[in-house]
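Here is the structure we will look at, set down as structure tokens.
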Amino acid sequence: MSLEIAPDADGRLVCPFDHHSPEYAQQNREMFKDLRDAGPVVWSEAYGGFWVATDYVHIREVLNDSETFTVETIDGAREGGTLLPAPRGAAFLKPDTTLFNFFDGERHDRVRAALNPHFSRRRVAQLAPLIEATVSRVLDRVVEQREFDIVYDLAAPITAGIVNEHMGFGLEDPAPFFRAVFSLKRAEEVADPASKDPVVTTYKEGWAYLGEVARARREEPRDDVISALVQADDGAFTDEDIQGMCMNVIFGAADTTAAFTAHSLTFLAERPDLQAELRADPKKIPAFIREGLRYFNVAMGVARTATRDVELGGMQIRRGDRVFALQPSGNLDPALYEEPEAFDMARPAQQHLGFGGGIHSCLGASLAQAIVAADIRGVLERVEAYSIDPGKLVRNSDLSFISLFEEAPMRVDVVADRQATVP
Ligand code: HEM
């Protein structure tokens, strides 16, 4: 694979980069190398034109400077936000006004200040019993089934169950709602406001329901995050603010954590040596996860918009230009990681880009790691041997945003003794 990259009359390094293309889905790792070799910042003509930050240093520079590289839509432009191109159909989501990963500055700081303590490492450690119980409940079911889908039967219901309980959504079965949110994120064609599509209906009903929960918690607070949010900032958050925060948490959690679990279990199926190492010493699971966040690259990149003329990586960026931070390319940058294509759990701890960076870095980073660790530990404890047929794994065909599996069927070949002896 070799991308043809050449300077244009304005000195821009022009490359045929299209992160939505099937070629990219198949060969992105080779492309990252070509892109980084061409330069730290290159220009793609796709989608009206945008810059691509290709190496670790410049991706960080973009993510760390939210005053220069904003998630907001500026000058009334059609393009803005973190997806590129911006989804056209989902206007009813009102991302600019309700979802905090679409605004910066003081308003964003207030939201994060209210939410961060509930997702800190310390708080997540206190959630261990909830995490363990949820993982056990779902694992009991799927191990008995013997064949199940890692994303839809195992990991997504676990994440949805934990987030539901912690936030205090009070949904009897949160999985369908999370799945609707997750589908909206990916399939904008269903997101016509007048659509009777069940995904849109579920989403709208869910939004209204979250408003009811916020109002109920104002009346009668409980021990959950929504109750804390209604009281935070001297009660300044409106119901709509809280609905948006809840929805943003679901948007963040719904598919990413499940995708990461699927990457981890499929990778361990291919690497019996590593699987044996983790079985022998489960304390190594966090190191596996840290390296997995760098290596699997669930988060495939985020967009920003330049708020001023600025030089980046030797290129002249203009106000209003769109910039794509190609996180996975940064995570595989040899300038930072020795032998980046090798999976090495013993690699020195280094800040990866798997959870982004700067003010929008992932709210759920600690929670996600705790959940995936519990998923992996739970599977290895209960299942002595499992198999995944690579021919049946279906990856999603668009890797522009999240690297996910459409289908990830897993087969339990031998149930561990521990499980067999449970009455
Ligand atoms: C392995 C799993 C996960 C990965 C790889 C991941 C990745 C990311 C990344 C890369 C961003 C930055 C987006 C940007 O810069 O525009 C982000 C933001 C976010 N994530 Fe996660 N995430 C994961 C799990 C979770 C979970 C479990 C939650 C639930 C609390 C969550 C909630 C959020 C929220 C609310 C934001 C927006 C933060 C803001 O704009 O201030 N994520 N995530």
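Modelling each spin label as a point 7 Å along the Cα-to-Cβ direction, I'd like the residue 173/residue 113 distance in nm, to one decimal.
For the pair residue 173/residue 113, the computed spacing is 4.2 nm.
Specify, per residue and in Å³, the volume enclosed by the convex hull of the alpha carbon atoms belonging to segment 1-134.
190 Å³
If one puts a single equal scatterer on every Cα of the chain and applies the Debye formula without solvent, what log₁₀ I(q)/I(0) results at q = 0.07, 0.09, 0.11 Å⁻¹?
Taken in order of the listed q values, log10 I(q)/I(0) reads -0.34, -0.57, -0.86.
Between residue 121 and residue 10, how high is the FRET efficiency from 1/(1 + (r/R0)^6) when r is the Cβ-Cβ distance and R₀ = 45 Å? Nearest 0.05. Could the numbers behind the result be given before it?
Working: r = 46 Å, r/R0 = 1.02.
Approximately 0.45, to the nearest 0.05.
Lysine pairs in segment 6-420 with alpha-carbon atoms under 16 Å apart, 8 or more places apart or on different chains: how many are there?
Summing the qualifying lysine pairs gives 4.
What's log10 of I(q)/I(0) for segment 205-274 at q = 0.15, 0.20, 0.23 Å⁻¹, Debye sum over Cα points only, no solvent?
Once normalised to I(0) and log-transformed, intensities are -0.58, -0.79, -0.95.
If a/c stays under 1.5 just call it rounded; otherwise compare a/b with b/c (prolate if a/b is bigger, oblate if not). Do that for segment 239-361, with a ≥ b ≥ c from the square roots of the Cα gyration tensor eigenvalues.
Judged from the Cα gyration tensor, segment 239-361 comes out oblate (a/c at least 1.5, b/c at or above a/b).
Over 18 Å, how big is the tail of the calculated P(r) for segment 269-423, in percent of all Cα pairs?
69 percent
To the nearest 0.05, what FRET efficiency results for residue 204 and residue 30 with a Förster distance of 51 Å applied to their C-beta separation?
Working: r = 42 Å, r/R0 = 0.82.
So the FRET efficiency works out to roughly 0.75.
Go ahead and estimate [θ] at 222 nm for the chain from helices alone: -39,500 (n - 2.57) per DSSP H run with n ≥ 4, summed, over the residue count, rounded to 500.
Computed mean residue ellipticity for the chain: -14500 deg cm²/dmol.
Compute the accessible area per residue over the chain, keeping the other protein chains in place, probe 1.4 Å, unit Å².
For the chain, the per-residue accessible area is 44 Å².
Please identify, among 359, 158, 150, the residue showing maximal mean-square fluctuation in a Gaussian network model of the chain using a 10 angstrom Cα cutoff.
Maximum fluctuation in the GNM of the chain, among the listed residues, is at 359.
Using a 10 Å cut-off on Cβ atoms, rank the peptides 300-308, 127-135 from the highest mean neighbour count down.
300-308, 127-135
Hydropathy first: keep DSSP H helices in the chain averaging at least -1.0 on Kyte-Doolittle, then drop any whose Cα extent along the axis falls short of 18 Å, and list what survives.
Numbers: long enough: 22-38 (22 Å, -1.66); 128-145 (26 Å, 0.36); 198-219 (31 Å, -0.61); 239-253 (21 Å, 0.39); 256-270 (21 Å, 0.67); 365-382 (26 Å, 0.74).
Sorted by number, the helices that extend far enough and score high enough are 128-145, 198-219, 239-253, 256-270, 365-382.
When the accessible area of the chain is split by element with a 1.4 Å probe, what percent falls to carbon and sulfur? Before the final figure, lay out the partial values.
Numbers: 9280 of 18550 Å².
The value for the chain is 50 percent carbon and sulfur by accessible area.
For segment 121-249, place one equal point scatterer on every Cα, skip the solvent, and apply the Debye formula. What is log10 of I(q)/I(0) at q = 0.18 Å⁻¹?
-1.07
Would you work out the relative contact order for the chain, in percent, from Cα pairs under 8 angstrom that are 6 or more residues apart?
24 percent
On the first, second and third principal axes, largest extent first, how far apart are the outermost C-alpha atoms of segment 259-331 in Å?
On the principal axes, segment 259-331 reaches 54, 18, 16 Å in Cα extent.
Tell me the net charge near residue 412. Cut-off is 11 Å between Cβ atoms, residue 412 excluded, with +1 for each Lys or Arg and -1 for each Asp or Glu.
Counting the neighbours of residue 412, the net charge comes to -1.
The values are calculated or read from the model by the stated rules, or taken from the named source; none is laboratory data. Predicted, not measured: the structure shown is a model, and the values here were computed from it. No Cβ is skipped: glycine too gets one built from the backbone with ideal geometry, and neighbour counts run over all protein chains shown. Calculation scope for accessible area: heavy atoms of the full protein, side chains included, ligands and nucleic acids excluded. Shrake-Rupley method; radii C 1.70, N 1.55, O 1.52, S 1.80 Å.
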